[in-house]
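The values are calculated or read from the model by the stated rules, or taken from the named source; none is laboratory data. Predicted, not measured: the structure shown is a model, and the values here were computed from it. As a convention, Cβ positions derive from the backbone with ideal geometry for all residues, glycine included, and neighbour counts pool all protein chains shown.
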């Protein structure tokens, strides 16, 4: 009996050790080391990773995040050391200010300067003034997606989201900055406002709007609009192309009051264990054929001009949704990091809207 | 028994290691974050923040909705458990299986399925429209949240009550009848008191997850109704304020501990446990 007990004990210890080693070890390293990538969910064609691994012999360890705000504390705490990360504009600025980013060595990323359009580098200067830390990966606008069978009048303004005839037919974005962007723009303010009075007005507008809103959603706006669940939704332009493919009744507009032009860019963490491999990865992502694969998979606009040239479908290549001529629009802005105090103000005002 | 002492300790060691890593350490971190501010100095502001208007309101709504759901679960579960307990083995195991079967599916998927059912253009409304019946508009309202809670947590109420009912010695019931009690008296004086451990355990297992949920209100409530679970979740995922999120979690833990203490008092022998 005792020996059997010992066996059970031995086995259970083995189990624990096994679980541990499975958690910490990484026995199957690529022959040229590895690169740890931290990207948005569903933001890359998985085949691209296999191609990269096959061509370079660098093993990719891939991890995903849902929001910039989830990513930031993980990188800041340094518990997991990432090499390549893909944050959005304002978060890049915040990470820079917190000293979390490494300067890129563009000699190792020749594809970046060669293929990515000048206008995207210019726009990146809003958050990365010398273009030293980031390489644009995806960009787009935020606008209104509406169903032509449910909306008869022409839509060109955020004010339609306050129109009572669409009560219970409106989908709003469920995130602080995006919701306040709409509220601020409606009132004619900058979406980077930190003025308490302006934010208060935007908050009141959002509270006024709440009875008309069917639901506050993030990714689900896509499926709900495709399924004719609502007439109007606030959506990212990258999703708009996908929804139109699935439901031709949908139309996307950039409101005349202006909107957010956002950029998600590749950056390298200051404490990156494999900086050079990371730069190789970014360079690979900037290759026109790879950027095209990613664009076709995720449908978010690519800043890679060379990749855009390769798009076969004329309608997509010249799509005013994927590649709008930004000079046509006024009051386009890019989010800036507003500092901790302003962040707190936004968050508590948003909570007031949500608990109303 | 004494011989078993050592082997018992050894056998439990994997679980103890597991519990320390995945229960004690995270709990310690919640308390650390909850009781400090961004500079790392001690503060109770994050806990007392529950008094602010928005947080108190969210907690209040959460308490209300989870109480209602628990009551509905109880009134649905008790008769069902009683019917199950009176069946013979082959019949009841089939029905228990039907009850447990959906639990093998992921909780998120099941809640998402309810969204697809309840939506304006969803399955139920399509069927209603086919028969020219008025549409059911409960999606994105508190009713849909209650429905989601009841649906998801009902098995946790049925099984403990069922367990405590089958354990009642039929002779006790027969004795009551012998002594002249009618069915109603037997139920209220014998069966119900004897099943209290199961009821308490069921209430705990429904009330706590209902109180802390944030997924159901997100998917079925359209994020328009802010529950305390949503407030905490957003502090972590959107506002990036782990300190406030942890502080509010500590407040929720107080409710959980009170609830657990109540169930420990009434269910000393662990009779009403699920398994």
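Return yes when residue A:233 is at positive phi and either touching a strand residue (DSSP E or B) at 6+ places or on another chain (Cβ under 8 Å) or surrounded by 23 or more Cβ atoms within 10 Å (Cβ to Cβ) (or both) and no when it is not.
No: the conditions fail for residue A:233.
When you check residue A:182 against the structure, is it within 21 Å of residue A:254 (Cα to Cα) and modelled with pLDDT of 95 or more, yes or no?
Yes: the conditions hold for residue A:182.
Of everything in the range A:106-120 that's in contact (Cβ under 8 Å) with a residue 12 or more places away in the chain and in a helix (DSSP H, G or I), which residue is farthest from residue A:138 (Cα to Cα)?
A:108
Can you name the number of the only condition in (1) surrounded by fewer than 19 Cβ atoms within 10 Å (Cβ to Cβ); (2) part of a helix (DSSP H, G or I); (3) free of Cβ contacts under 8 Å to residues at least 40 places away in the same chain; (4) under 21 Å from the mean Cα position of the chain (by Cα) that residue A:183 fails?
Against the list (1) surrounded by fewer than 19 Cβ atoms within 10 Å (Cβ to Cβ); (2) part of a helix (DSSP H, G or I); (3) free of Cβ contacts under 8 Å to residues at least 40 places away in the same chain; (4) under 21 Å from the mean Cα position of the chain (by Cα), residue A:183 comes up short only on (1).
Here are B:70, B:48: which of them is surrounded by 14 or more Cβ atoms within 10 Å (Cβ to Cβ) and under 21 Å from residue B:258 (Cα atoms)?
Within the list B:70, B:48, the selection yields B:70.
Taking the range A:68-98, which residues are surrounded by 19 or more Cβ atoms within 10 Å (Cβ to Cβ) and outside any helix (DSSP H, G or I)?
Result: A:82, A:83, A:84, A:85, A:86, A:87, A:88.
Take the residues of the range A:193-223 that are in contact with a helix residue (DSSP H, G or I) (Cβ under 7 Å, 6 or more places away or on another chain) and outside any helix (DSSP H, G or I): which is farthest from residue A:296 (Cα to Cα)?
A:194
Testing residue B:222 on (1) part of a loop (DSSP other than H, G, I, E, B); (2) without any contact (Cβ under 8 Å) to a residue 12 or more places away in the chain, one condition comes back false. Which one is that?
The single condition residue B:222 does not satisfy is (2).
Any chance the range B:129-141 includes a residue that's more than 14 Å from chain A (Cβ to nearest Cβ), over 19 Å from residue A:227 (Cβ atoms) and assigned to a helix (DSSP H, G or I)?
Among the residues of the range B:129-141, not one is more than 14 Å from chain A (Cβ to nearest Cβ), over 19 Å from residue A:227 (Cβ atoms) and assigned to a helix (DSSP H, G or I), which makes the answer no.
Buried (at least 21 other Cβ atoms within 10 Å of the Cβ) and either over 18 Å from the mean Cα position of the chain (by Cα) or at pLDDT 90 or above (or both): which single residue out of B:272, B:180, B:229 fits that description?
B:229
Filter the helices (runs of 4 or more DSSP H) completely within the range A:224-318 down to those with at least 2 residues that are without any contact (Cβ under 8 Å) to a residue 12 or more places away in the chain and away from every other protein chain (no Cβ under 14 Å).
Fully inside the range A:224-318 and qualifying: A:314-317.
Can you say whether residue A:201 is surrounded by fewer than 19 Cβ atoms within 10 Å (Cβ to Cβ), within 12 Å of another protein chain (Cβ to nearest Cβ) and touching a residue at least 12 places away in the same chain (Cβ under 8 Å), as far as the supplied structure shows?
no
Which residue is farthest from the other protein chains (Cβ to nearest Cβ), if the candidates are limited to the range B:205-218 and must be assigned to a helix (DSSP H, G or I) and surrounded by 23 or more Cβ atoms within 10 Å (Cβ to Cβ)?
That would be B:205.
For the range B:30-45, what are the residues that are surrounded by fewer than 14 Cβ atoms within 10 Å (Cβ to Cβ) and touching a helix residue (DSSP H, G or I) at 6+ places or on another chain (Cβ under 7 Å)?
Listed by number, the list holds a single entry, B:38.
If we scan the range A:205-221, do we find a residue that is modelled with pLDDT under 95 and more than 25 Å from residue B:239 (Cβ to Cβ)?
no
Which residues, taken from the range B:111-128, are within 12 Å of another protein chain (Cβ to nearest Cβ), surrounded by fewer than 18 Cβ atoms within 10 Å (Cβ to Cβ) and in a helix (DSSP H, G or I)?
Listed by number, the residues that qualify are B:112, B:116, B:123, B:126.
Which ones in the range A:70-89 are within 14 Å of another protein chain (Cβ to nearest Cβ) and either modelled with pLDDT of 95 or more or in contact with a helix residue (DSSP H, G or I) (Cβ under 6 Å, 6 or more places away or on another chain) (or both)?
Within the range A:70-89, A:70, A:87, A:88 qualify.
Has the range A:51-68 got at least one residue that is over 20 Å from the mean Cα position of the chain (by Cα) and closer than 21 Å to residue A:300 by Cα?
yes
Could you run through the range A:204-223 and say how many residues are surrounded by fewer than 22 Cβ atoms within 10 Å (Cβ to Cβ) and within 13 Å of another protein chain (Cβ to nearest Cβ)?
9
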